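Worksheet for the structure shown next.
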Amino acid sequence: MLVLAIDTSTPAVTAGVAKLDAAGVTMLGERVTVDPRAHGELLTPHVLDAVREAGTTLAGLDAIACGVGPGPYTGLRSGMATAAALAHALDIPAYPVCGLDAIAEEAPRGEPLLVMTDARRKEVYWAAYDMWGVRLTGPRVDRPAEVRSGEATAAAGDGARLYAETLTLRVVEPWYPSPAGLVAAARKTLLAGAPAELLIPLYLRRPDAVEPTARKRVIAP
């Protein structure tokens, strides 16, 4: 099956097309640009370029794997809205993927792992995984010093890279969810042909924007 992977939960604008079968994930085309201000501008061109590189068309896709965070509201909604619109227009299922799981899929195996991505406000989104990549804890959002590393001996993700000096763990790649990681994280659901799932964002905290309070006087009494 051909799977379109989309993620905008981090500064990376990510799109790719993969062939998925019992043997594994084979990437056919992908576009990734790290630019936290260009999710809305670059995502659709990246999708079209990845589809073209894969030698297919949008109509040839079988499913969509969409990163649902954790991530900031503004960036995250760009990818999710695009995935939902494409799934509806093409009448194909879309499946949510935790971006931390996608990073864990491509991190080195064989040791307990933390995945940490930058949550801004001097915080990180994080989750803990066992040596086989199975998530044990999270996702959560905390300050780096408050993250419970447990038995982890390594940490992946751009949050780990950003706060490497405060960690007692070895920092490893990848920094962001990749198309291959997104598809790999959803492979069991995809191969099972499960019904489409709701794309529910993992914000983990309230948005920065707040409703206005009572109007302020602009003229002094």
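Every number in this text was worked out from the coordinates using simple rules, so none of it is lab data. These figures come from a predicted structure and were not determined experimentally. FYI the Cβ positions are ideal-geometry reconstructions off the backbone, even for glycines, and counts take in every protein chain you see.
For this structure, a couple of remarks:
- Beta bridges by DSSP in segment 100-172, antiparallel share as percent, to the nearest 5: 65
- Modelled FRET efficiency - R0 25 Å, ASP142 with GLU111, Cβ distances, 0.05 increments: 0.70
- Computed extension length for GLU41-LEU191: 50.8 nm, one decimal, from 0.36 nm per residue of separation with the Cα-Cα distance subtracted.
- Protection proxy ranking, highest mean first, for peptides 42-50, 26-34: 42-50, 26-34, where packing is the per-residue count of other beta-carbon atoms within 10 Å, averaged.
- The stretch between THR166 and ALA89 holds 23.1 nm of extra length on full extension. This uses 0.36 nm per residue minus the Cα-Cα distance.
- Between THR166, ALA180, ALA94, the Cα set farthest toward the positive side of the dipole of the chain (charges on each charged residue's Cβ, about the Cα centre) is that of THR166.
- Extended-chain gain in nm, criterion 0.36 nm per residue less alpha-carbon gap, THR57 and LEU198: 48.3 nm
- Per-bin percent of Cα-Cα distances, segment 100-172 [10 Å]: 24, 62, 14, 0
- Put a plus charge on the Cβ of each Lys and Arg, a minus charge on the Cβ of each Asp and Glu, and nothing anywhere else: the dipole of the chain about its Cα centre is then about 880 debye.
- Check: segment 100-172 dipole with +1 on Lys, Arg Cβ and -1 on Asp, Glu Cβ, in debye: 220
- GLY67 long-range amide H proximity, modeled H, under 5 Å: ILE6, ASP7, THR8, VAL97
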